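Peer 1: Handing you a structure now.
Every number here is computed from the coordinates shown, using simple stated rules; none is lab data. The shown structure was predicted, so the numbers you read here are calculated from the model rather than taken from an experiment. Cβ coordinates were reconstructed from backbone atoms using ideal geometry, including for glycine residues, and neighbour counts include every protein chain displayed.
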Amino acid sequence: IEASIPSESRQVWQKFGVKEFGGKDEFQQEFIRHVETTLARSIYNCDDLAAYQAASQAIRDRLIIAWNKTQQKHTTKDQKRVYYLSLEFLMGRAMDNAMLNAGIKDITKAGVADLGFKIEDLLEQEPDAALGNGGLGRLAACFIDSIASTNYPGWGYGLRYQYGIFKQRIVDGYQVESPDYWLTFSNPWEIPRYEIQIDVMFYGYTRKYTNDDGKVVHVWEGGEQVQAVAYDVPVPGYGTETTNNLRLWASKPTREFDFEKFNAGDYESSVRESQKAETISAVLYPNDNFYSGKELRLKQQYFWVAASLNDIIRRFKKTHRPWKEFPDQVAIQLNDTHPTLAVVELQRILVDMEGVEWDDAWKIVTNTFGYTNHTVLPEALEKWPVPLFQNLLPRHMEIIYDINLFFLQQVEKLFPKERELLARVSIIEESSPQQVRMAYLAIIGSHKVNGVAELHSELIKTTIFKDFVTIYGPDKFMNVTNGITPRRWLHQANPKLSDLIASKVGSYDFLKDLNLLKKIEPFAHDPKFQDEWVAIKKFNKARLAAHIKQYNGFDINIDALFDVQVKRIHEYKRQQMNIFGVIHRYLSIKAMTEKEKKEVTPRVCIFGGKSAPGYYMAKTIIKLINAVSEVVNADADVGDLLKVVFIADYNVSKAEIIIPASDISQHISTAGTEASGTSNMKFVLNGGLILGTVDGANIEITREVGENNIFLFGHLAESVEDLRHKHRFSKVPLDPNLEKVFEAIESGTFGDPNIYNSLVSSVTGSDYYLVSDDFQSYLDAQKLVDQDFKNKDTWVSRSITAVANMGFFSSDRAIDEYAESIWNVEPIAVE
Ligand code: OAK
């Protein structure tokens, strides 16, 4: 296009090329221009919302300029790029992050202040982009921040849900969901690309014919068409010009509506088809670590995968390279099995549309993809019923059968006569109906498979994917321990701590090279540094207390120990064990003399998290927490010694307030169940200590910060199977302290005990999550926490030492590992 513009015109273009605003004045000019033109408002009706929108527009313009530069640079350099395919991106708010990463926070803050606004009030106007459930979606958000910040050419691809994760309210102690329509006031952080429209087909039938060259050609036709429209979200790197892209797809009908029906007066059915198309990207499925085999979900997956691959291939084709070079130009990472259809879709495009031979195509496919597993929980593993699959994607089903056939032939050659092995590793599970095992397809279609923490990566090799290690050898399987972005999770969430650290490190370079945190370790026992450290924690606790006052309506004592467990509610994460522990504490305090009470370490036990709407047990846990909160907080015998808080609607923005305020946070999953956890890293990075099981990344955190700076308890992963076996085949006596807790529940101390029957019997019965087995060890660890918290000096030095040793958990490090050992991509500097 540029070449078509005559050279004298090009000079005009260059003369007026848009520049990024420099200082405060230029920002203010842009701000006012957006108020008056983009928003069509004025000084007389510019409220906080309008001011937020105008400031966002000004900042977004800046990002777009950097985005354009970056894309031009990446196109001319023409190096290999990485594409991160994730059905979830749990981004949270964008404005503060954009200001920080672009290095314009001071300018904008001062700029809006002159115009009569407080930056904090404007930031509060932004709704969270909550396009994810929990760990997997938030990891994707941290990863794209790091890919940009470390200058890798990389895009995210996802879905533009109109409704993100539901909003949670607590009514009468129960979770009540309402829709999260986050796009009400338009979204300044996205750029609609109405010109990028991709047709996607579902249903239809297949046929084959032999062409003039005697080649068998497969055709898929006659299905329903929908259109994917691109929305681009700029992803600015921190301290670099690199601004990458997150491309989210929205579904649109191919025909607006059926005019014939419309003219015949059948208005309703004339728009029905268009409405059906739009539902594809309408809503995020609200399950975390759980598979529910709904057709619409499979539709979402194919819609997104087909649009993304089409886009990637279009970009590749512009370089006029032969197909065999595709994996030298393109790396695609599958964020769990949700995008696994991409493996099949690429094979289909190569073989059916581009005429590449099957074996050559398959080499291209497997060299392109990498697969990350995020869970070993059996209920989370995706398996699609063959009939449903076949109906929706008939050609893909055929290709899967062929992939499976060739794979099983290869296995048979390697391990002749091992019939059972063949059945075990087949992509098709021989159940009724048959099922497509997506994880197996992802392994077979990728050159690398990784877990997300050391223990987890070992577990997948020895349990769920054991046979594949036998077949492929161990080198295909590896570990990349998760990480978090220190920009959002330290500097943005805890600016005071970030400033204090910078005063000792000598700069903010630790936000790019987190290992520099080591430089604060010598100050762990420095009284002045300790005082400042303690004051910041206190400030953050007061900030959270104000939030709790506003939303829960009561005061908490900020000198008490803040004990926090915030994450999705799930039996494996064991919030039930936590609340049983709280009940135990309550009963103990009730039994104390006034003198004994003087020795108690006051605690505020803080919970937060959403339950999947259909997850009965998780909802019961929420109800119990709220019931206990009501009783305990109103009990004058207890006073300030114990308070219980449930913070409703836990999300990224609330995490940014809650995490910096914790003294202790709980990561207490049954050993072997939590793949990694990432909030554990966030809490320690903010100076809180962990009370946790020997699970997920807790293990590596312990190695980094030292055993003295973490409270570990509970059975190890290797004992879990035996313990479960015991529960199944004999009567294991209940832990005596837990028995007293259950007596209190059953006697009605926390309201109608029948509500909790199934929750209690899940423990008194098979106790699959080993709550009773770990309970004594949990209480012992809690006791140690109480004692150690009294010794302020050692507590704060442990907190400082822990932070100093968290460098490893930056997502920049994780991304470098992916780039080096899976993607083979190199960074590109953008001036
Ligand atoms: C969600 C849906 C399906 C499968 C897994 C998940 C998921 O969120 N897994 C979580 O991924 C995080 C990022 O790797 C881990 O830190 C969590 O431990 C894991 O539960």
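Peer 1: Loop-only check: which GluC sites (Glu not before Pro) in the range 569-675 are DSSP coil with at most 15 other Cβ within 10 angstrom?
Peer 2: Taking the range 569-675 and a limit of 15 other Cβ atoms within 10 Å, the loop GluC sites (Glu not before Pro) found are E599.
Peer 1: Which one, A542, S719, Y769, projects farthest toward the positive side of the charge dipole computed for the range 540-809 from Cβ point charges (K/R +1, D/E -1)?
Peer 2: Among A542, S719, Y769, the one farthest towards the positive end of the dipole of the range 540-809 is A542.
Peer 1: Sticking with this structure for a sec: As a quick test, which of the pairs K15/K512; K504/K682; K597/K731; K109/K512 have an alpha carbon distance above 26 angstrom in this structure?
Peer 2: Result: K15/K512; K597/K731 exceed 26 Å.
Peer 1: What list of ³J(HN,Hα) values in whole Hz, one per residue of the range 195-208 in order, does the Karplus curve 6.51 cos²θ - 1.76 cosθ + 1.60 (θ = phi - 60°) give from phi, with Gly and Pro shown as x?
Peer 2: 6, 9, 10, 10, 7, 10, 10, 10, 6, x, 9, 10, 8, 9
Peer 1: Just to confirm my numbers, what's the Cα centroid distance between the range 723-760 and the range 422-461 in Å?
Peer 2: Taking the Cα centre of the range 422-461 as reference, the centre of the range 723-760 is 36 Å away.
Peer 1: Where does the chain land on Rg(C-alpha)/(2.2 N^0.38 Å)? Write out the running numbers ahead of the final one.
Peer 2: Working: Rg = 27.9 Å, N = 831, 2.2 N^0.38 = 28.3 Å.
My calculation over the Cα atoms of the chain gives 0.98.
Peer 1: Scan the range 200-253 for trypsin sites (Lys or Arg not before Pro) in coil per DSSP, keeping those whose Cβ has at most 10 other Cβ atoms within 10 Å, and list them by number.
Peer 2: Numbers: sites: R207, K208, K215, R247; in loops: K215.
Here the trypsin sites (Lys or Arg not before Pro) that fit, given the DSSP loop and packing criteria, are K215.
Peer 1: What's the extension gain from S507 to K597 if we count 0.36 nm per residue and subtract their Cα-Cα distance? Show your work: numbers first, answer last.
Peer 2: Values: separation 90, 0.36 × 90 = 32.40 nm, distance 4.60 nm.
Roughly 27.8 nm would be gained on extension.
Peer 1: Which one, N698, P602, V684, projects farthest toward the positive side of the charge dipole computed for the range 540-809 from Cβ point charges (K/R +1, D/E -1)?
Peer 2: V684
Peer 1: Then there's this: Summing -39500 (n - 2.57) over the DSSP H runs of n ≥ 4 in the chain and dividing by its residue number, what mean residue ellipticity at 222 nm do you reach, to the nearest 500 deg cm²/dmol? Could you put the intermediate results ahead of the total?
Peer 2: Details: 33 runs with 380 residues, N = 831.
Result for the chain, helices only: -14000 deg cm²/dmol.
Peer 1: Also: Between E521 and V12, what is the label-point separation in nm under the 7 Å Cα-to-beta-carbon projection?
Peer 2: Inter-label distance under the simple model: 6.3 nm.
Peer 1: Arrange the following residues from fewest to most other Cβ atoms within 10 Å of their Cβ: Y209, Y174, Y818.
Peer 2: Y209, Y174, Y818
Peer 1: Right, next: Quick one: Cα centre-to-centre distance for the range 234-282 and the range 97-121, in angstrom?
Peer 2: Computed from Cα coordinates, the inter-centre distance equals 34 Å.
Peer 1: So which aspartates and glutamates can K294 reach, going by Cα to Cα under 14 Å and dropping same-chain residues fewer than 8 places off?
Peer 2: Straight-distance partners of K294: E382.
Peer 1: Please go through the residue pairs K363/K448; K573/K610; K299/K448; K643/K792 and name each one whose alpha carbons sit more than 24 Å apart in this structure. Mind dumping the intermediate values first?
Peer 2: Values: K363/K448 13 Å; K573/K610 12 Å; K299/K448 26 Å; K643/K792 21 Å.
Table pairs above 24 Å Cα-Cα are K299/K448.
Peer 1: Could you please rank R568, R297, R603, placing first whichever residue has the fewest other Cβ atoms within 10 Å of its Cβ?
Peer 2: R297, R568, R603
Peer 1: Measuring from a point 7 Å past the Cα of K363 along Cα-to-C-beta, which residues in the range 808-831 have an amide N at less than 12 Å?
Peer 2: The answer is none, because no backbone nitrogen lies closer than 12 Å to the label point.
Peer 1: Which one, Y83, P613, V469, is farthest towards the positive end of the dipole of the chain when Lys and Arg carry +1 and Asp and Glu -1 on their Cβ?
Peer 2: Projecting each Cα onto the dipole axis, the largest value belongs to Y83.
Peer 1: Please list the three semi-axes, largest first and in whole Å, of the ellipsoid equivalent to the range 540-809, using sqrt of 5 times the eigenvalues of its alpha carbon gyration tensor.
Peer 2: 26, 24, 18
Peer 1: Another question about this same structure. Please give me, ordered by residue number, the GluC sites (Glu not before Pro) of the range 380-421 that lie in loop per DSSP and have at most 15 other Cβ atoms within 10 Å.
Peer 2: E418
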